[in-house]
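Below you'll find the structure, written out as structure tokens, and then a few comments.
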Amino acid sequence: MGLSEYKEFLGLLIFGNIENLVLSSQGAVSSVNPVILAGLTVIAVIGWFAIGTFGTKIAIKYARVIEFIGGLAIFILGLQSILAALPAVIQQFL
């Protein structure tokens, strides 16, 4: 399998990294222990790497659907993170 076969997942790869940033910011806002958060993030990344490595051949025909669902999940998580942080941000300005 060449790199050109994976180009359908390029957007998901980019937005997946953004999702990791959103999730880590949610953990920071929730005052989660950063060491535990880092450990859980590494476990999640390894899990997704394994799923991506072994599942790509099966999932390649569903790339557009997977990318849409992934993008929607990232949007929802980002919105959730913003809404969770909004009271603290407003409090800083009052």
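In the range 55-74, which residues are under 16 Å from residue 22 (Cα atoms) and either open to solvent by 50 Å² or more (accessible area, probe 1.4 Å) or in contact with a Ser or Thr (Cβ under 6 Å, 6 or more places away or on another chain) (or both)? First the steps, then the outcome.
Our first condition is that a residue be under 16 Å from residue 22 (Cα atoms); within the range 55-74, this holds for 70-74.
Passing the criteria: only 72.
Contact map, the range 57-84: residues that are in a helix (DSSP H, G or I) paired with residues that are open to solvent by 40 Å² or more (accessible area, probe 1.4 Å) and among the small types (Gly, Ala, Ser), Cβ distance under 7 Å, separation 6+ or inter-chain. Pairs shown: 81/25. When the range 26-54 is filtered for residues that are open to solvent by less than 50 Å² (accessible area, probe 1.4 Å) and modelled with pLDDT under 75, only 52 remains.
Scanning for something within 16 Å of residue 23 (Cβ to Cβ), open to solvent by less than 90 Å² (accessible area, probe 1.4 Å), at pLDDT 80 or above and of a type outside the set (A, V, I, L, M, F, W, C), does the range 75-86 turn up at least one residue?
First, the residues of the range 75-86 that are within 16 Å of residue 23 (Cβ to Cβ): 75-85.
Okay, now just the ones that are also open to solvent by less than 90 Å² (accessible area, probe 1.4 Å), so 77-79, 81, 84-85.
Filter again for at pLDDT 80 or above, leaving 77-79, 81, 84-85.
Now restrict to residues that are of a type outside the set (A, V, I, L, M, F, W, C): 78, 81.
For the range 75-86, residues within 16 Å of residue 23 (Cβ to Cβ), open to solvent by less than 90 Å² (accessible area, probe 1.4 Å), at pLDDT 80 or above and of a type outside the set (A, V, I, L, M, F, W, C): present.
The values are calculated or read from the model by the stated rules, or taken from the named source; none is laboratory data. Because the structure is a prediction, the values reported are computed rather than measured. Reconstructed Cβ throughout: ideal geometry from the backbone, glycine too, with neighbour counts over all protein chains shown. Accessible surface is based on the protein model in full, side chains and every heavy atom, while ligands, DNA and RNA are left aside. Shrake-Rupley method; radii C 1.70, N 1.55, O 1.52, S 1.80 Å.
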